[in-house]
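K.L.:
Quick one: structure below, then a few questions.
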Amino acid sequence: MKAIIVGAGIAGLVAARQLGLAGWQALVLERSAAPRPDGYMMDFFGPGVEASERIGLHPYLAEVAYQVEAAEYMDPGGRVTASLDYLKFADLAGGNVLSLLRPDMESAALKALDEVEAGRVQLRYGVHIERMEHHGAQVQVWPGGGQPVETADLLIGADGIHSAVRAAFFGPEEDFLSPLGMRAAAFIVHEPALNRQFKNRFVLSDTVDRTAGIYGLRDSEVASFLVYRQDPLAKLDGTRERLRRIFAGAGGQVDRLLELCPPDPYDDAVAQVLVPCWHQRAVVLIGDAAAAVSLLAGQGGAMAVCAAAALGDALGPVSSPEQLPAALDEYERVMRPKIATAQASGRRAANSFLPRRKLGLLWRRLILRSTRLPGMDRIIARQIVKRLAK
Ligand SMILES: Cc1cc2nc3c(=O)[nH]c(=O)nc-3n(C[C@H](O)[C@H](O)[C@H](O)COP(=O)(O)OP(=O)(O)OC[C@H]3O[C@@H](n4cnc5c(N)ncnc54)[C@H](O)[C@@H]3O)c2cc1C
């Protein structure tokens with residue numbers, strides 16, 4: 001059996017590995033010219049950890065993980081207003097919380113492909129697909145650039161929130177995208193002074209209607225993400241200038257970050273993807289393409305790994321196209337409840353992640369400070385883990 005996988009993000013790479021290990025041929029077509037170096041810091045725990053341990057991916061992820069020691073809120077004057085002892089939180093979550101930079105997570109998934117027998121998985125970067133069509137019981141893909149047409153038993157759309165596979169076979173993006181009223185930008189800068197200040201600490205600005213997250217990486221770099229309220233229908237001007245305007249007054253460290261911001265950083269709507277059925281004929285969606293949960297759920301990477309593992313389990317025993325529909329039903333049966341939980345958690349967080357008033361900031365500080373009371377840390381950590389581990 002042969003699969004074409006569109007997208008070499010976390011979902012696409014892990015799916016390729018699982019299919020390759022199960023004896024399939026997998027051709028991965030990625031639009032970027034090379035693995036994407038840009039990214040942000042991601043929490044990885046709960047179902048994602050379970051899935052990655054089960055499929056043997058966890059050691060690769062653990063190797064590139066960062067050790068966050070504290071998560072803190074900082075006011076515009078640079079004072080810490082509330083904090084969470086991250087190590088204690090990780091401990092209460094069973095010690096199984098990884099902090100991973102998105103590109104590192106992909107490089108770990110790439111390394112894990114070495115376990116697959118040579119020739120089973122083929123990766124092509126810089127591919128601009130021209131057409132995708134059903135062809136009898138199979139699918140055909142025109143990779144563009146004069147490359148020959150590719151035919152496969154299954155086409156896997158792992159091409160992210162703005163999936164071209166979904167648009168080609170399931171319908172236009174507006175039918176499935178559910179914006180949460182915010183945008184998120186992310187970029188990495190080289191800045192030794194900020195790096196020293198934020199090493200091993202994940203710091204969020206304690207600001208109304210917007211927040212900047214900062215983390216000091218290895219090699220004097222700093223990863224940042226900026227989340228801000230934005231009407232999804234508003235006309236947008238240049239990203240860097242918009243970020244500088246919106247985050248003016250958020251603090252000296254944020255100003256410094258935005259001085260170094262590249263002209264056109266990652267910047268996209270914070271949204272969920274709701275698709276009633278993830279497969280039809282010989283096409284299936286996974287990861288953000290099928291069911292983005294949004295960064296507010298803190299589970300997108302984890303869900304991508306879970307979905308790739310579940311798809312691999314379901315497709316592994318398939319040896320003829322007639323067996324595909326039942327296998328794809330099984331994949332959905334396993335993944336739907338996990339996605340429903342993560343998406344519900346993302347929608348709940350949408351109400352509290354960016355407080356609209358100062359009173360909201362004070363309430364959040366109070367909750368976080370209460371974690372220092374004896375026993376409260378356990379209660380709050382258990383609540384979080386219980387919600388996410390279902
Ligand atoms: C700021 C931010 C913070 C986040 N924090 C967390 C967190 O803490 N924890 C967490 O678990 N998740 C987090 N997430 C979500 C997480 O990053 C995503 O859910 C996850 O990366 C989804 O993986 P994916 O492989 O499905 O899609 P993607 O990572 O989007 O990968 C899709 C791939 O497909 C390629 N592609 C797109 N279109 C085409 C095409 N037409 N042809 C070929 N290739 C194509 C893209 O170049 C890309 O390589 C965060 C997201 C953001 C934006």
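K.L.:
So if I average 1/r over every pair of distinct C-alpha atoms in region 140-249 and take the inverse, what Kirkwood radius in Å does that give?
P.N.:
Kirkwood hydrodynamic radius for region 140-249: 17.5 Å.
K.L.:
Under a Cβ-Cβ cut-off of 13 Å, what is the net charge of the residues other than E322 that fall near it, where Lys and Arg count +1 and Asp and Glu count -1?
P.N.:
0
K.L.:
Between S220 and I367, take the C-beta separation as r, use R0 = 35 Å, and let me know the FRET efficiency to the nearest 0.05.
P.N.:
Efficiency computed from Cβ-Cβ geometry: 0.55.
K.L.:
Something else: Determine the calculated [θ] at 222 nm for the chain from helices alone, applying -39500 (n - 2.57) to every DSSP H run no shorter than 4 residues and normalising by the residue count; nearest 500 deg cm²/dmol.
P.N.:
-11500 deg cm²/dmol
K.L.:
Please list, in order, the residues from region 186-213 whose amide nitrogen is less than 20 Å from a point placed 7 Å along the Cα→Cβ vector of Q67.
P.N.:
195-203
K.L.:
Quote the convex hull volume per residue of region 61-122, based on C-alpha atoms, as a whole number of Å³.
P.N.:
Looking at region 61-122, the number lands at 100 Å³ per residue.
K.L.:
At 7 Å along the Cα-to-beta-carbon direction for both A340 and V208, put a label point, then send me their distance in nm to one decimal.
P.N.:
Rounded to a tenth, the inter-label distance reads 3.9 nm.
K.L.:
Using 1/(1 + (r/R0)^6) with R0 = 41 angstrom and r between the beta carbons of E330 and D85, what's the FRET efficiency to the nearest 0.05?
P.N.:
Once the sixth-power term is evaluated, E becomes 0.50.
K.L.:
Could you check the spin-label model distance between D264 and E174? Points 7 Å from the Cα along Cα→Cβ, value in nm.
P.N.:
2.5 nm
K.L.:
Taking a 29 Å limit on the Cα-Cα distance, which of the listed pairs K88/K111; K2/K338; K111/K199; K111/K235 fall beyond it?
P.N.:
Violating the 29 Å limit, Cα to Cα: K88/K111; K111/K235.
K.L.:
Further question: Using alpha-carbon pairs under 8 Å, 6+ residues apart, how would you state the relative contact order of the chain in percent?
P.N.:
Computed over the chain, the figure is 22 percent.
K.L.:
Using just the alpha carbons, could you tell me how many Å³ per residue the convex hull of the chain encloses?
P.N.:
Cα-based convex hull of the chain, divided per residue, equals 133 Å³.
K.L.:
What is region 24-171's relative contact order, in percent, from Cα pairs under 8 angstrom and six or more apart in sequence?
P.N.:
Across region 24-171, relative contact order equals 28 percent.
K.L.:
Moving on to the next point. On the Cα set of region 243-300, report Rg and Dmax in Å, please.
P.N.:
Looking at region 243-300, its Cα Rg and Dmax stand at 17.4, 54 Å.
K.L.:
Considering Cα pairs under 8 angstrom that are at least six residues apart, work out the relative contact order of region 99-171 and quote it in whole percent.
P.N.:
That works out to 16 percent.
K.L.:
Also: Going by how many other beta carbons lie within 10 Å of each one, how would you line up M105, M303, fewest first?
P.N.:
Starting with the residue having the fewest Cβ neighbours, the order is M105, M303.
K.L.:
Roughly what % of DSSP beta bridges within the chain run antiparallel, to the nearest 5?
P.N.:
Counting DSSP beta bridges with both partners in the chain, the antiparallel share is about 70 percent.
K.L.:
Round to a whole angstrom and tell me the spacing of the C-alpha centers of region 93-140 and region 170-222.
P.N.:
24 Å
K.L.:
Please compute the net charge surrounding L362, taking Lys and Arg as +1 and Asp and Glu as -1 over other residues with Cβ under 14 Å from its Cβ.
P.N.:
+4
K.L.:
Sticking with this structure for a sec: Got a sec? How would V80, V305 order by Cβ neighbour count within 10 Å, fewest to most?
P.N.:
V80, V305
Since every read-out is calculated from the coordinates, none of them should be taken as a lab result. This one's a predicted model, so the numbers in the text were calculated from it and none came from an experiment. Positions of Cβ are generated from backbone atoms using ideal geometry, with glycine treated the same way; all protein chains shown enter the neighbour counts.
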